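These notes concern the structure reproduced below.
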Amino acid sequence: MSTLPIKEEVIHVEDLDHQNTAMIPVSNGVCGSRFFDDDDDDDVEGSPLKKMKVEAALPVGFLDPLPPEERAALNRARNIVGNNVLVVAPEKVVASSTGVVSSCKQFWKAGDYEGIDNGFAAGHTVGMDHVRVHPKFLHSNATSHKWALGAFAELLDNAMDEVCNGATYVSADVLDNKKEKGKMILVEDNGGGMTPDKMRACMSLGYSAKSKLANTIGQYGNGFKTSSMRLGADVIVFSRCRGRDGISTTQSVGMLSYTFLRSTGKEDIVVPMIDFVKREETWEMLVRSSVDDWKRNSDTIVQWSPYESEKDLFQQFELLNDQGTRIIIYNLWEDEEGATELDFDTDPQDIQIRGVSRDEKKIEMAKEYPNSRHFLTYQHSLRSYASILYLRLSPGFRIILRGKDIEHHNLVNDMMLSEEITYRPQPIGDQTSQDPNAVAQVTIGFVKDAKHHIDIQGFNVYHKNRLIKPFWRVWNAAGSDGRGVIGVLEANFVEPAHDKQGFERTIVLARLEARLVVMQKKYWSSNCHLIGYAKRRNIKSSVSPEKETNASAKSKSCSRFSSTSHTTCPDKSKWKSTGSEHEKGPVHSPIQEMNQTMLRETQQACMSNRKTGQFPGNTVVKMEDTVSNSREENHSTKNSLQQAYQYEKDRNKNLEGQLKAAQKLISDLNNNHDNLARMLIEERRRRDKEEESLRNRLKDASDTIEKLVNKVRLLENRNANTSIKRER
């Protein structure tokens, strides 16, 4: 593989284009490698270089370009005071009222802080202490990912966000670490890549330009750090950014190494990074402070990277084309038994995880129920999880896992008897209007394997095309209610959590959850009988307003009857329970029993009223109305029982027909068997006759041959005797 020559030439920041001069080396730089050589005694005591070596803080105006005159004023105003580097802000920088950021008192919205885009914010921090970030924070920050595949998904999200910059694929693979004799994870895409400034923002905490862009998944500026540190202790990033708009083509490499920070006893997080700029066909060093610092950064990366030499390190750039990013995670985490947390051997075309997320019973069930395999395998298989991770894929975009494309799968295709429901969230508080796009189209239905009554249910909630809550179980019924019902929706009006595995618990989410419960209950009660469950009746949510009105009128008439006649209204709940208890008996038995009960209660009421002398004239009429209503209800119950009886009768008839067909098939098979047996016997007899005939013919032939041989011998003897006589 050809390697472009690297020319060792100092290219200072001031010599580059304007956008490449966004970072200036003041106070202490995040890429200055003085942090990595605390024992270097070659510097002169008290010199500026010596003082800059002991400080560790972000540079002034990190990622914010300053006008040339302000940058020059800041450089002239740098004074050394004791052991600290003090930067005096130029006098012309004055705070303005426009720099005040309106405060937000809602916790889930307070993260939208974008800073102030002027020089005052950078220069006004003179004399203030910077917050130090200990290396342990890398580990504690990564604990937000309790699930390893959730961390893997965030790396895929970064590649998906690069589609707008020309990305056509993202590839995840497993490499061998020749230096440490282990495994490494590779995540590569051919997106727009990162400039040196963007590389430093990527390695920093909370810097994200995506929060201002629509339809991007990443927004917090923390996903790369949490995901990479969750999978392994160290990560190295190679990125190449194509030049455009007058900016030169650049390439950068940075290393975020927990192993390096712990082994060298660092008290702050430092990240060695080096940059190159392309001049014609030659890659030249892009020096931000000094050549010595650049080389010291390079040596540090080589020492703690998985590559044995600088040549092997720089060779990784050649695996990128004109643009792209190559992320390599190494020193992968292990479990209690000493094996890697990720399983690379069970399936050579997949990356799986070990431990509690892996359920062997579900794996076997996935083979038996292929329409439910994503529900049964997404928790331990990256290939299964990534296939449903995005609701839609851009045309031509590929997700490749270990050399094989991941087939995108829409969970709607696993449904049967599906329905679509539109959900619009209601405004909260003083919100008088809402975003017209704040709407969710919910597709709900039975999974195609629901007829087997396996416990699969839940809603798959997407946010900006990304799956956040897979198979969210919102209804936890005591029995088998709700089984087999799955749903798919995209809810862009709720905010995902930082780990992208759940939503922030807000009022909007609580309302959505309550509405999904109602949807699932209503769908289940209306359709459960279609997959073999008993049909649900008298469900409150399914009662029409007309039925509710009639029921209330009946209850009022019962109460009036009770107040005038001093008797109790017949308990309808008892009738319902009696009917359900005798559901398997004869059709007429519950009807007769309810009629008898109603007549007995009516007679008792009449007798008691006669004894007490309290028997108004309209009581008989009301009793007759009650009897009439009861008879109507009995009639409806009778009809439902007759329908159930007819259903069972038809079912039995169908089964009898199937049984007769099976018996006929068995009889036909027996006849065929007998015919075959007779044919075999006949064939055997014919074969025996043929064999006997051949034996006889063979015997006759043998006799003929023997006779001919004897004749030949006689002739030979005669000839011999004749010749002897002639000789005499």
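The values are calculated or read from the model by the stated rules, or taken from the named source; none is laboratory data. Please read these numbers as outputs of a predicted model, since none were measured by experiment. We place every Cβ from the backbone using ideal geometry, glycine too, and count neighbours over all the protein chains shown.
Summary table
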read-out	value
Test: residue in segment 392-409 that is in contact with a His (Cβ under 6 Å, 6 or more places away or on another chain) and among the polar types (S, T, N, Q)	no
Selection status of residue 252, buried (at least 24 other Cβ atoms within 10 Å of the Cβ) and in a strand (DSSP E or B)	yes
Filter pass, residue 349 being crowded, with 17+ Cβ neighbours inside 10 Å and in contact (Cβ under 8 Å) with a residue 12 or more places away in the chain	no
Qualifying residue in segment 513-524 (condition: under 21 Å from residue 644 (Cβ atoms) and modelled with pLDDT of 50 or more)	yes
Entirely in segment 280-379, the helices (runs of 4 or more DSSP H) that have 3 or more residues that are of a type in the set (S, T, N, Q)	291-304
Candidates 312, 268, filtered to the one that is of a type in the set (Asp, Glu) and farther than 21 Å from residue 326 by Cβ	268
Residues that are under 18 Å from residue 307 (Cα atoms) and touching a Gly at 6+ places or on another chain (Cβ under 8 Å), drawn from segment 236-250	236, 237, 239
Residue among 411, 382, 376, 391 that is under 13 Å from the mean Cα position of the chain (by Cα) and more than 20 Å from residue 156 (Cα to Cα)	376
Where residue 255 falls short, out of the listed (1) touching a residue at least 60 places away in the same chain (Cβ under 8 Å); (2) under 17 Å from residue 200 (Cα atoms); (3) not hydroxyl-bearing (Ser, Thr, Tyr)	(1)
Breaking point among (1) modelled with pLDDT of 90 or more; (2) surrounded by 22 or more Cβ atoms within 10 Å (Cβ to Cβ); (3) farther than 20 Å from residue 251 by Cα, for residue 189	(3)
Inter-residue pairs, beta-carbon under 8 Å, first closer than 19 Å to residue 462 by Cα and without any contact (Cβ under 8 Å) to a residue 40 or more places away in the chain and in segment 390-406, second of a type outside the set (A, V, I, L, M) and assigned to a loop (DSSP other than H, G, I, E, B), 6+ apart	393/408
Any hit, segment 424-442, residues being touching a residue at least 12 places away in the same chain (Cβ under 8 Å) and touching a Gly at 6+ places or on another chain (Cβ under 7 Å)	yes
Qualifying residues in segment 380-400 (those that are assigned to a loop (DSSP other than H, G, I, E, B) and touching a strand residue (DSSP E or B) at 6+ places or on another chain (Cβ under 8 Å)) - the one farthest from residue 150 (Cα to Cα)	397
Subset tally (residues that are of a type in the set (Lys, Arg) and at pLDDT 90 or above) for segment 158-186	1
Segment 316-334 residues that are without any contact (Cβ under 8 Å) to a residue 60 or more places away in the chain, paired with ones that are of a type in the set (Val, Ile, Thr) (beta carbon under 9 Å, 6 or more apart)	334/340
Meets criteria (surrounded by fewer than 20 Cβ atoms within 10 Å (Cβ to Cβ) and within 30 Å of residue 459 (Cβ to Cβ)) for residue 299	no
